[in-house]
Amino acid sequence: MRAAFISALIVGLCVLVGAVLALFYIAAGALGVVTGALFGKPYIGVAVANTITLLLVMVMVIASLLTLAERKWSALMQDRIGPNRARLGLPGLRDKALLGIPHFLADGIKMLTKEDFVPAHASGFLYTLAPMLAFGTAFVLFAVVPVAPVVSASEIPLVGGLAASMGVDPFPVSLQVAPGYDPGVLFIFAFSGVAVFGTALAGWASNNRLALLGGLRGSSQMVAYEIALGMSLVGLMMIFQTLQLEVMTDGQNQGLFGGILPAWGIFLQPIGFLLYFTASFAELKRPPFDAPEGESEIVGYFVEYSGMRFGLFMISEFIGTVVLAGVVSALFLGGYHLPFPPAWGVEEWLRSSVGEFGLAVVLGTNFVLKVIVLCWLQLAIRWTMPRFRFDKIQSLGWKILLPVALANIAVTGVLLLADPSLELLAIVGLAEILFIVGLTALYPKKQPASLVLPGRMMAGGTGH
Amino acid sequence: MASTKEIKRTAEETSQLSWYQRLFVPEVIRGLAVTTRHFLRNLFGGRDPSPDFAYRKGSLGNQVATLQYPEERAPYPVGYRGTHRLVPREDGKPRCVACYMCATVCPAQCIYIEAGEYEDDPIEKYPTVFVIDQLRCVVCGLCVEACPKDAIRMDTYQHTPPEYTREGFIYPIERLLKGPPVSYPSDPWLRRKDSAQPQDQHFPLHGVAAHSTEPVEPREPYPAGRNHPAPPVFTEEEVRKASGS
Amino acid sequence: MSEEKRAELVNITIDGIPAQVPPGTNLIEAAKTVGIEIPHYCYHPGLSIAANCRMCLVETNKHPPGKLVPGCQITVMEGMEIKTQSQRVKDQQRSVQELLLLHHPVDCAICDQAGECRLQDYYQEYDYKPSRLDGPKWMKNKRKILGPTIVLDQERCIMCTRCVRFMKEIAGDPVLGVFGRGTREVIDVFPGKTLENNYSGNIVDLCPVGALTWRDNRFRARAYFLSATPSICTGCERGCNVYLDHFQGVPYRYRPRENPEINQYWMCDVGRLSYHSLHDDRLVRARVDGEEVEVEAAAATAAKRLAEQGGRLAVVVSPVLSLEDALAVAALAREGLGADAIYVSGRPAGEADRLLLRADRNPNRKGVELAAQAFGLQVRPFDVLMASPADRVLLAGLEIPGDEAAFVEWLRKAQVVVALGTNLSPLLDAAHVALPLAPHSEAEGTFVNFQGRAQRFLAAYAPRGGARPGWAWAARMLRDLGQETGWNSAREVFMDLGRKLPEGSLGSFDWDATPRRYLKGVVPLPGGTVDGRPAGMRELLPLRSSGTAA
C-alpha cells in the first residue's frame, strides 16, 4: 500500500520533471527566437532563459526542498517520522501533513520575518557582504553544468514554428547556462575558492570570538582541500582532453570493450571520484566536515546571523549540495546520458521513436534524477558519520587526499600513454572498484579486539 | 572503579584502530548500507496503524516507533491512577454522601466539599459543592482508599488535560460526575424509595406503626443483576471523547 | 437524718481502688471519682434514671453472685465492691453493644454525630466485632421532621429516651413519646403535635447517637473537625456557659457547658442560634466617611475628630461589650474626652421564660454599669439620649433598643459620629468613622451577668480583617489623645482598670482563674495526637464533657 503510493509518487515526480524540462526547452527556445529576431544573436535569449529556469527555478527549488528533505530523510534513516505538524490553513488541507512540505514554507516565512539582527561593533559592510558571497558563489557554479543535451530549435515544439514565422535560422538550444565555456572545470575551482571569503568574512565581521574561530576553521579547511580538489580532476582532464563539462559528458557516452561499458568517469577514475567527492564535501563544510559550524562546540561562523542572512548561509550549503551532485553526475556518472551500455543503442532507439526533442527531455530527466540521487547520497553520508576532529580533517586533506591525488595523476598518465583507447584505464578502474567492493564484502565477522570495550568501561556499567 | 592508570591504558587500546578500520572506505560504505537499509524500509514499508505502539508489528517493514501523541496514545497500565471521577448512581446522582473522608485524608488538601440535603432520597446528604483542585492534587489515590461509598474513583485512565487558566484546573462537580454508574446490593436507593419508612414484603407490618395513618406503597421489586456489578470498561472511543481530543 | 450522718462518706472499692463518696451517689458517679468510666447511654445526671440501655451493668458484692446491676440506678452502700472489668460485665457490654448495632444503619458517613458518637466510641472500646446479622436491616423513617429545629432519624435511635425524659421533666413540654414495641419501637411526636420548644436544642446534645439532629447546622461540619472554646452565650443576661465550636475561624454551634450555678446542663434555642451574628454580616474594615482605611489611620481619625469637635458629647455604650471593653471605653470617655455620663443602649428586651431565658437580652448590663461607676460616670438610659441633639457621638456597640430609623435621623444631626460595631447596621450610614469590633468569639474578656457573677470567656480564633476588641480601639484613641495606656491584652486592661471597680462588686472573681487551656486533661496537641485526630484540629478537647453527654 505504502510502497505502491511511494512508487507512484516517484514516477509522478519523474513525469513532472520531464514536463518542466520540456517547458524549460520551450522557454529557452522562445526567448532565443526573440533575441535572434531582435539582435540576430539567439544564444543571448537562450542563456537568459536558462539562467532563470535552471538557476532560479530548478536549483533553488531543489535546494529549498533539500532543507525539508534533510529533516525528513534523516528521520527515515533514524526510524522516526520527521516533521509533519505544520499545516496549510486552507480549506481541505487543514488536516493534511502533505509530506511535511508546509514546513519549508513556514521556515521561509519565519526567516523572512525574524528580526534582522546586527551585533554591536560588527563591521557593517562586511557583515552584509559575507552571506552574499557565500550564496552567490555557490549559486553561480551551476552555470557550467549541462542539464540536457543540445537540440536544434526547429525540433522544439511551438518554437520551431515560431522561429520559422519570425525568420530566425535554427540555432542550438541546450539546458546549460554557459554552453561552450572553455574554462569549464576551472570555473568551478575558481568560484568555490571564492566561497571561502564568505565564511572568513562572516567570522571576522561578526565581532564574536566563536564566529572568528569558525571562520578560521572554515578558511583553513577550504585551503587544505582546494588542492586535492583540483588534483582529483586532472585525471579526467587528461582522459577527455577538455575542461568543458558538456564535452566530458558526451565523451563518457563512448563505448569501451565494444560498447559493453560506457566510458563513465567513475569506471575510469574511481580514485578520482572518491577524492573529488570527499574534497567537495569538505569544501561544502557539510558533516562530517562541519568543524567550522560545530554547533555543539562553537556554534559556527554564522553565530551572530539571524533571519534571512542566516538563511542565505544555510541555503548556500544546500545549493552547494545540488551543484556538487550536478558536477559529479556530469563528470563521473555520464551526465545526462542514460545508464545503459552504448552498444544497446537505447538512445538511438528513443531518438527514432520520440524524436530529438523527446530524447533530450528524457535525458534531462535522467540527469535531474541522478542529481537527486546524489543529493540523497550526500545526506545519507551526513547522517551516517560523526564529525571529524579538526586535526583529523587537516591530516586527511594534506596527508592522504593530496598524495593519493598526485599518485592518481601519475598512474592515469602512465595508463593513458600505454593505451590511449582507455580500455586499460577502465580495467584498472574496475579492478579498484572490485577491490573496494570485495574489501567491504569481506568484512571480518569478528569485531577487532581493540573495539571491544572492557565491561567496566561501558557507560552505566558502574553503579553510582 | 577502574584506577586512573587502567582508564588511560584502556583509552590507548581503544584508540588503536585495526588495519581494516584504518582503510576507512569500507567502513563508510557499510555504514551507508545501514543507513540506506533503514531509509528504504521506512520509506516503502507500511506502518502498523495500531495506536497501541507497544504491540505494533514490525512485519510491514516500517521501523518507525514514533507515537503521534494526540492522535495515537499509549494505553495506561491497569490500575493507573487517572483523574478522579465521582461515580454516579443509575439515576445520575452522585454516590457521594459528602462525608468529608477524602477531604480529611487528602495530604494535599485539594478537595473541598459542601454538603446539602435531599428531601426525598434514601440518602439525605449529598455534596452541593465538590471541588478538586487538580493543580494541588498529588494523585496519591488516598481519597479513593478512604471513600466508604466507592463514590470517588480514579479509573478514568486520563491524566489531567491542559487548561489555559488556573481556574480551569479546579474541577467542579459537573466535571467530576461522569463514567458508568455503579450500585451494590446494599445501597439504600436499591432498597427503598425515599427516606420514609418502607413496607417490606418479608415484614408485612413493617412501616405500619401503630400511630401511623399514612398509606404505605409497596416498593418496587429488587433490581436483578446488581449483585456483582461489572467493573467499568472504557472503549477507545469513550476515552478519546472524554479526553476531549 | 442528723447533720453528722449526712456528712459521713461511704467507703467503697471500685476495681480494687478504694474511694469515699457521699451516700446516695450512684455507681457511675462514684466510679468517675476514681477515674473509672462505666459506659452508659441513657443515664444523664440532669434527668431521671431510666436504666433502659443496660450498658452500665456491673457486678457488686452486695448483690447475688452473677447478678448484674445497672450502675446508674444502684446507689453506693458501705463496703460495696464494684467490679467493672469482670468477664461477665465485659460479655454483657459486648452483647448490649451488638444488640444496639444490630439494626443500626451504620451510615456514619452521612451522620453529623460521627466523631462524637457514643456508639462509635463504645464499639471501639467494648465490641469491636463484625456484625452477625444475616438478613436485611430493619428500616425506619430516616428523616422524620419533628419540628422547626429538629430532625429525627429513627433508624439510628437506640431508644435511650433521654429526649423523651428531657421534654417531660426539664422543658415541661411532653410532646415526645415512644411508640411500638420491640424492633418496631420508635421515638416520635404525639399525633397532632410538633416539637416547638425553646429548649429543643438540648435533646440534640443529649442524644448519644446521631438520631436527633439540629436543622440549623445539619450537614454543615464534621464534628471531628470542630474545635471547642469555652465561652459565654450572649443571648440574654443569664450568661449561660457554652462551648463555641468552630473550625478554621468559622463558628458552627454553641453547646451548653455544665455550670450548676447558672445553666446546669442546658441552654435555650434563642441563645443557641445567636452564634450566627459572629459570622454573618460582619463589619471587618474600618471606614472613614465611607472609605475603607487602615486600622491605625481610622483610630487616629476618630480620636482627632472627637477631640477637635466641640459641643455636647454623647457616649453610648452597648451592654453587649465585655467588661474590659466597657472599662476602656469609660476611660476614653472620662479621661480622653471629658464626658460625665454614658448612655447605655443594648438590644431590645424580649420575652422571658421560666427556665433560663431572661427578658433583658444583653449579657453585660451589670458590667457596663460597674465600669461607669468605676470612672464616676453617670449612667443614663437610652431613652433620654435623643431628647436633645449632640454634636459628637461615640457609639460603642451598635445594638439599640429603640427605633433605628429615628436614631439614625438623630445621629445625622451630629457633627462627628464614631461607631464601634461588630456587624453591619443601618446606624453605620450615619457614622463618620466606623470601627470594626471583635465579638466575644475573637477576643478575651469578662461578662457580668444579672446575678453579678463575672464570667470569663476565651478567644476562639483571631479577629477577622481589621476587627479589634473594644479596649484596643479605646487604647489607640487614648494614645492619639496623648495618654499612653500600655494595654496589650484584655488582662492588662482588667488589671489596670479593674482596681477602680467598687470594692467587692465582682465577688471572689479572679481573672486568672480561667486558664487559657481550660479543661483538665486537655493537652494542646503539638505533633502527635492521643486520639488519632490531626494535630491542630482541636485546640481544646472536651472528651465527653458533662455538658453534652454526661
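The values are calculated or read from the model by the stated rules, or taken from the named source; none is laboratory data. If you're wondering where the values come from, they're calculated on a predicted model, not measured in any experiment. All Cβ positions, even for glycine, are placed from backbone atoms using ideal geometry, and neighbour counts span all protein chains on display.
Points to keep in mind about this one:
Residue-by-condition table, conditions (1) at negative phi; (2) of a type in the set (S, T, N, Q):
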{"site": "C:Trp214", "(1), (2)": "yes, no"}
{"site": "C:Phe219", "(1), (2)": "no, no"}
{"site": "C:Tyr224", "(1), (2)": "yes, no"}
{"site": "C:Ser227", "(1), (2)": "yes, yes"}
{"site": "C:Ser231", "(1), (2)": "yes, yes"}
{"site": "C:Arg238", "(1), (2)": "yes, no"}
{"site": "C:Asn241", "(1), (2)": "yes, yes"}
{"site": "C:Leu244", "(1), (2)": "yes, no"}
{"site": "C:Gln248", "(1), (2)": "no, yes"}
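- Checking each residue in segment C:324-347 for being aliphatic (A, V, I, L, M), within 20 Å of C:Gly421 (Cα to Cα) and in contact with a strand residue (DSSP E or B) (Cβ under 8 Å, 6 or more places away or on another chain) picks out C:Ala326, C:Val329, C:Ala330, C:Leu332, C:Ala333, C:Leu337, C:Ile342, C:Val344.
- Hits in segment C:215-236 - residues which are buried (at least 21 other Cβ atoms within 10 Å of the Cβ), under 22 Å from C:Asn198 (Cβ atoms) and either without any contact (Cβ under 8 Å) to a residue 24 or more places away in the chain or not hydroxyl-bearing (Ser, Thr, Tyr) (or both): C:Ile232, C:Cys233, C:Gly235, C:Cys236
- Matching residues in segment B:108-134 - criterion: being touching a Cys at 6+ places or on another chain (Cβ under 8 Å) and away from chain C (no Cβ under 11 Å): B:Ala108, B:Cys110, B:Ile111, B:Phe130, B:Ile132, B:Asp133, B:Gln134
- Within segment C:181-204, the residues that satisfy the criterion of being surrounded by fewer than 19 Cβ atoms within 10 Å (Cβ to Cβ) and either in contact with a strand residue (DSSP E or B) (Cβ under 7 Å, 6 or more places away or on another chain) or closer than 22 Å to C:Ile110 by Cβ (or both) are C:Glu185, C:Phe190.
- The lone exception for A:Met458 - which of (1) at pLDDT 90 or above; (2) within 12 Å of chain B (Cβ to nearest Cβ); (3) farther than 26 Å from A:Ser280 by Cβ it fails: (1)
- Residues (surrounded by 20 or more Cβ atoms within 10 Å (Cβ to Cβ) and in contact (Cβ under 8 Å) with a residue 60 or more places away in the chain) located in segment A:403-427: A:Ala405, A:Asn408, A:Thr412, A:Leu422, A:Leu425, A:Ala426
- C:Ser200 vs. criteria small (Gly, Ala, Ser), free of Cβ contacts under 8 Å to residues at least 60 places away in the same chain and more than 14 Å from chain B (Cβ to nearest Cβ): no
- Residues being farther than 27 Å from C:Arg181 by Cβ, facing chain B (nearest Cβ under 10 Å) and either without any contact (Cβ under 8 Å) to a residue 60 or more places away in the chain or assigned to a helix (DSSP H, G or I) (or both) - total across segment C:92-134: 3
- Test: C:Ser318 is in contact (Cβ under 8 Å) with a residue 40 or more places away in the chain and not assigned by TED's automatic domain parsing to the domain that holds C:Arg334: no
- The residues of segment A:148-192 that are of a type in the set (Val, Ile, Thr), surrounded by 21 or more Cβ atoms within 10 Å (Cβ to Cβ) and farther than 13 Å from A:Gly32 by Cα, listed by number, are A:Val185, A:Ile188.
- Going through (1) facing chain B (nearest Cβ under 9 Å); (2) surrounded by 22 or more Cβ atoms within 10 Å (Cβ to Cβ); (3) part of a helix (DSSP H, G or I) one by one, C:Met167 falls short only on (1).
- The single condition among (1) outside any loop (DSSP other than H, G, I, E, B); (2) in contact with a Lys or Arg (Cβ under 8 Å, 6 or more places away or on another chain) that A:Leu324 does not satisfy is (2).
- Test for C:Ala405: is it part of a strand (DSSP E or B), among the small types (Gly, Ala, Ser) and either in contact with a Lys or Arg (Cβ under 7 Å, 6 or more places away or on another chain) or surrounded by fewer than 24 Cβ atoms within 10 Å (Cβ to Cβ) (or both): no
- Helices (runs of 4 or more DSSP H) (entirely within segment C:414-498) containing at least 2 residues that are over 27 Å from C:Asp510 (Cα atoms) and without any contact (Cβ under 8 Å) to a residue 60 or more places away in the chain: C:427-430
- Residue within segment A:373-380 that is away from chain B (no Cβ under 12 Å), in contact (Cβ under 8 Å) with a residue 12 or more places away in the chain and touching a helix residue (DSSP H, G or I) at 6+ places or on another chain (Cβ under 7 Å) present: yes
- Test: residue in segment A:298-309 that is small (Gly, Ala, Ser), buried (at least 24 other Cβ atoms within 10 Å of the Cβ), assigned to a helix (DSSP H, G or I) and touching a Lys or Arg at 6+ places or on another chain (Cβ under 9 Å): no
- The residues on offer are A:Leu175, A:Leu233, and the sole one that is modelled with pLDDT of 90 or more and in contact with a strand residue (DSSP E or B) (Cβ under 6 Å, 6 or more places away or on another chain) is A:Leu175.
- Taking the criterion of being touching a His at 6+ places or on another chain (Cβ under 8 Å) and within 25 Å of C:Leu9 (Cβ to Cβ), the residues of segment C:55-73 that qualify are C:Cys56, C:Val69, C:Gly71, C:Cys72.
- Condition broken by A:Leu31, with the remaining ones in (1) within 14 Å of chain B (Cβ to nearest Cβ); (2) over 24 Å from the mean Cα position of the chain (by Cα) satisfied: (1)
- Filter result (crowded, with 21+ Cβ neighbours inside 10 Å and within 17 Å of B:Pro188 (Cβ to Cβ)) within segment C:107-122: C:Asp107, C:Ile110, C:Cys111
- Residue in segment C:501-516 that is of a type in the set (Gly, Ala, Ser), modelled with pLDDT of 85 or more, outside the structural domain of C:Tyr243 (by TED's automatic domain parsing) and not in a loop (DSSP other than H, G, I, E, B) present: no
- Checklist (1) free of Cβ contacts under 8 Å to residues at least 40 places away in the same chain; (2) surrounded by fewer than 16 Cβ atoms within 10 Å (Cβ to Cβ); (3) not hydroxyl-bearing (Ser, Thr, Tyr) applied to C:Val89, failing item: (2)
- Positions within segment C:135-155 being in a loop (DSSP other than H, G, I, E, B) and within 12 Å of another protein chain (Cβ to nearest Cβ), in sequence order: C:Gly135, C:Pro136, C:Lys137, C:Trp138, C:Met139, C:Lys140, C:Asn141, C:Lys142, C:Arg143, C:Asp153, C:Gln154, C:Glu155
- Some residue of segment A:31-49 being surrounded by 13 or more Cβ atoms within 10 Å (Cβ to Cβ) and outside any helix (DSSP H, G or I): yes
- There is no residue in segment A:191-211 that is closer than 30 Å to A:Glu246 by Cβ and either of a type in the set (Lys, Arg) or out of contact with any helix residue (DSSP H, G or I) (no Cβ under 9 Å at 6 or more places or on another chain) (or both).
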